1. Pull out all pairs, ordered by first then second residue, where Cβ-Cβ is under 6 Å, the residues are six or more apart or on different chains, the first lies in region 124-144 and is open to solvent by 40 Å² or more (accessible area, probe 1.4 Å), and the second is in a helix (DSSP H, G or I) and at pLDDT below 70.
2. Which residues, counting only those in region 210-234, are assigned to a loop (DSSP other than H, G, I, E, B) and within 21 Å of Val158 (Cβ to Cβ)?
3. Test each condition in (1) open to solvent by 10 Å² or more (accessible area, probe 1.4 Å); (2) closer than 28 Å to Asp333 by Cα for Ala217 and report the one that comes out false.
4. Anything in region 293-313 that is surrounded by 14 or more Cβ atoms within 10 Å (Cβ to Cβ) and in a loop (DSSP other than H, G, I, E, B)? List them, or say none.
5. Just to check your reading of the model, which residue among Leu237, Leu276, Leu261 is buried (at least 18 other Cβ atoms within 10 Å of the Cβ), assigned to a loop (DSSP other than H, G, I, E, B), touching a Ser or Thr at 6+ places or on another chain (Cβ under 8 Å) and modelled with pLDDT of 90 or more?
6. Across region 180-195, which residue is surrounded by the fewest Cβ atoms within 10 Å (Cβ to Cβ) among those that are touching a residue at least 12 places away in the same chain (Cβ under 8 Å) and more than 25 Å from the chain's Cα centre (by Cα)?
7. So, of the residues in region 92-113 that are within 17 Å of Trp63 (Cβ to Cβ) and outside any helix (DSSP H, G or I), which turns out to be most open to solvent (accessible area, probe 1.4 Å)?
8. Does Arg176 fit the bill of being open to solvent by 10 Å² or more (accessible area, probe 1.4 Å) and more than 25 Å from Leu326 (Cα to Cα)?
Amino acid sequence: MARGSAADSFTARLRKAVHRGRIALRKSGVDYFRGDGSDWIALVGLLLTIPAFTWGTVVVPVWVSPAALVLPIVAGGLLLRPASLLGLYAAAAAALIVESVVLGPYAEGPARVTPGTVLAVAACGLFGLLIAQFRARVGVPWRRGGTMLFDLRERIRVQSALPRLPKGWHREMSLRPAGGQSFSGDFVVAARTNGGRTLEVILTDVSGKGMDAASRALLLSGAFGGLLGSLPPHGFLPAANGYLLRQDWDEGFATSIHLVLDLDSGDYELFSAGHLPALQLNAGSGRWEEKGAEGPLLGVYDGAQFDPVKGSLRAGDVLMLFTDGLVEASGRDISEGIDRLTGEADRYVASGFEGAAWHLIEAVAKDVNDDRALLLLCREA
């Protein structure tokens, strides 16, 4: 009985040891992939490939060219830190010397170590070192950089999501970055305030476009999201203007439009900071009306005043907010772009505006090299 208990105890300890080893190995692998761990595993693996390539070049030089050493060098530029990369380069240089000695002068036939081979390997090494130094300076390893950009894009998308509205209302939005990129200088921040009875929406167009404006758009969307609902409506744009001024960016201005909509009555106020006017469709007359408030650009000067314009959405009415990329084009007046937008929007009056935001951008500004954003709010009949 004692012998069986000892065997069971040994088996249990062995299982626990194996389990702890698996957990530690998995954690180190995850840390390495995320860029938090050491690069010694990658260094050892790449160092082992160099003698393997050298042996292959010496034994079957026709199939394994001396230039094959660029493979671990390129991989090292992506995986290793600069200090480790220098050790890999030293091993590759030693391998080239060994291959030159064993294979003989390059003039005696193919598959020799030629000056061109040395230059190609050295050029790849130089580029790899520059990439590694850039990563070390930024502090984002390559295997974490893609994850960080994906996370940045998802945060902008989540922050731009519109809240659910009560029955009788329909909302939708479409964002299209310039050049088909994943990042935009246009963003939306929205929330239901006043106990859910009020919808507040901020549509902002940051100076610049695409990747150039994405980091500023993310910073501003986070700040605007914190301000929204924490201040009375008339205090939001002055606070946003002060925040933008404190950033002291070289290209630090932005346009913004702030909608405050009472979901019970349909009454609203629009505050504008140098933004294009909103468009309202009156269901009774079937005509589009511009709703433009007064206010300067955000981030230009302190003490700016933003005066609202008021309106009301009745049954069947539609309110459309958009950025200048949708209606502005070289050689064309903005009013012409607005007329074209309203003309396309008239096609959806009879059938309804569900799914219309994306189609309107496709019809009006599909190939425009600028960020485009369109937001629709409809009060159902």
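1. Arg144/Arg34
2. First, the residues of region 210-234 that are assigned to a loop (DSSP other than H, G, I, E, B): 210, 228-232.
Scanning region 210-234 gives Gly210, Leu228, Gly229, Ser230.
3. Condition (1) is where Ala217 drops out.
4. Taking region 293-313 as the starting set, the residues that turn out to be surrounded by 14 or more Cβ atoms within 10 Å (Cβ to Cβ) are 293, 295-300, 304, 306, 308-309, 311, 313.
Ala293, Gly295, Pro296, Leu297, Gly299, Val300, Ala304, Phe306, Pro308, Leu313 - these are the residues of region 293-313 that are surrounded by 14 or more Cβ atoms within 10 Å (Cβ to Cβ) and in a loop (DSSP other than H, G, I, E, B).
5. Numbers: Leu237 fails: assigned to a loop (DSSP other than H, G, I, E, B); Leu261 fails: assigned to a loop (DSSP other than H, G, I, E, B).
Criteria check complete, one pass: Leu276.
6. Step one: filter region 180-195 for residues touching a residue at least 12 places away in the same chain (Cβ under 8 Å), giving 181-193.
Narrowing the set further to residues that are more than 25 Å from the chain's Cα centre (by Cα) leaves 192-193.
Details: Arg192: 18, Thr193: 16.
In this case the residue turns out to be Thr193.
7. Step one: of region 92-113, the residues within 17 Å of Trp63 (Cβ to Cβ) are 95, 99, 102-103, 109-113.
Next cut, outside any helix (DSSP H, G or I) only: 109-113.
Details: Gly109: 25, Pro110: 109, Ala111: 26, Arg112: 52, Val113: 16 Å².
Top of the filtered list is Pro110.
8. On the way: open to solvent by 10 Å² or more (accessible area, probe 1.4 Å): yes; more than 25 Å from Leu326 (Cα to Cα): no.
The answer is no for Arg176.
The values are calculated or read from the model by the stated rules, or taken from the named source; none is laboratory data. Since the structure is predicted, the reported quantities are computational estimates derived from the model, not experimental observations. Because the Cβ atoms are built from the backbone with ideal geometry, glycine has one as well, and the counts that use them run over all protein chains shown. Heavy atoms of the whole protein, side chains included, go into the accessibility calculation; ligands, DNA and RNA do not. Shrake-Rupley method; radii C 1.70, N 1.55, O 1.52, S 1.80 Å.
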